[in-house]
Amino acid sequence: MPYRSKHKSMPEVLIELREGDQEFKQAITAHSFRVGQTVAEPDVLNHNLFTLMKGRVQLIREGPNGRRLAVATLGPGSMFGEGALLGATDPTVKALALTDCIVWTMPAPQAQTLALRYPVVNWGLLQTVGQRLAQVENRMEEVAYKRLPERLAGLLLELASGGAAIRGTSHQALADMLGTYRETISAILRGFKDAGLVNLGYRKIELRDVPGLRMAAGAIE
């Protein structure tokens, strides 16, 4: 079936494919997850192709000492579980719901068959891998040149995406993204609150002073 993706998002293209191809439709299982829930443990992640249709997901690597590190933060249209197509596996990475989300799951055999029929599947995965690489490069640059409060201020601005509040993101999730401890993040946030930069609530951070946060992040106004 021909498809046109020039002016359509990845979720829209895949919905179109599902409506026009019965085999594609049967291969997909849709799941809903609440914020904080595990989307896929490592074994499941390594044997299925996932497409994030709505919400945000984090890929988390867990070390032997219990430390957690956010490998990537993914938005709608992202594909993950590259082991389903590439055969590479990682027993330490799992996927967690950063917000309420909807995820499509496709077992590896069907994913491999349909990827040959629809190059957009391979393109979607390649695009996501590229975005993840860019995130890693940005984080490496921040670690090299910025102190943790600057990095946290920049992350808050990024997560807010121009809005006035961040909802559904815990202090632990912020710590995972920055590769540090939850207690450290909580202490810095309290400092931001005392400085009038943010208000803090349960799984909610309200940005009170965006220009001040930009300055705290090292931006030049």
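The values are calculated or read from the model by the stated rules, or taken from the named source; none is laboratory data. Predicted model only: the values in this text are computed from it and were never measured. Don't worry about glycine lacking a Cβ; one is built from the backbone with ideal geometry, like all the others, and counts go over all protein chains shown. In case anyone asks, the SASA skips ligands and DNA or RNA and just uses the protein heavy atoms, side chains included. Shrake-Rupley method; radii C 1.70, N 1.55, O 1.52, S 1.80 Å.
Counting only Cβ charges, +1 for Lys and Arg and -1 for Asp and Glu, the dipole size of the range 142-221 around its Cα centre is about 180 debye. Here the calculated FRET efficiency for residue 147 and residue 26, from their Cβ-Cβ distance with R0 = 45 Å, stands at 0.30, rounded to the nearest 0.05. Of the residues 135, 112, 26, the one that moves most in a GNM of the chain with alpha-carbon contacts below 10 Å is 26.
Only sites in a loop by DSSP and with at most 16 other Cβ atoms within 10 Å count here; which trypsin sites (Lys or Arg not before Pro) in the range 116-215 make the cut? Sites meeting the loop and neighbour criteria: 146, 147, 203, 208. When the Cα positions of 181, 138, 168 are compared along the charge dipole of the range 108-221, 168 comes out farthest toward the positive end, with charges on each C-beta of Lys, Arg, Asp and Glu. Per-residue 3J(HN,Hα) values for the range 171-183, derived from phi via the Karplus relation 6.51 cos²θ - 1.76 cosθ + 1.60 with θ = phi - 60°, read 4, 5, 5, 5, 5, 4, 5, 9, x, 9, 9, 4, 4 Hz in sequence order (x marks Gly and Pro). Atom-type composition of the exposed protein surface of the range 55-153 places 59 percent of the accessible area on carbon and sulfur (1.4 angstrom probe). Applying a DSSP loop filter and a limit of 16 other Cβ atoms within 10 Å to the trypsin sites (Lys or Arg not before Pro) in the range 3-95 leaves 4, 6, 8, 34, 67. Principal semi-axes of the equivalent ellipsoid, √(5λ) from the alpha carbon gyration tensor of the range 1-142, are 25, 16, 15 Å from largest down. Solvent-accessible surface of the range 91-221, taken per residue with a 1.4 Å probe and all protein chains present: 52 Å². Across the range 97-107, computed HN-Hα scalar couplings (Karplus, 6.51 cos²θ - 1.76 cosθ + 1.60, θ = phi - 60°) run 7, 7, 9, 4, 8, 10, 10, 9, 10, 9, x Hz from first to last residue, x flagging Gly and Pro. Comparing Cα centroids, the range 85-108 and the range 12-64 end up 6 angstrom apart.
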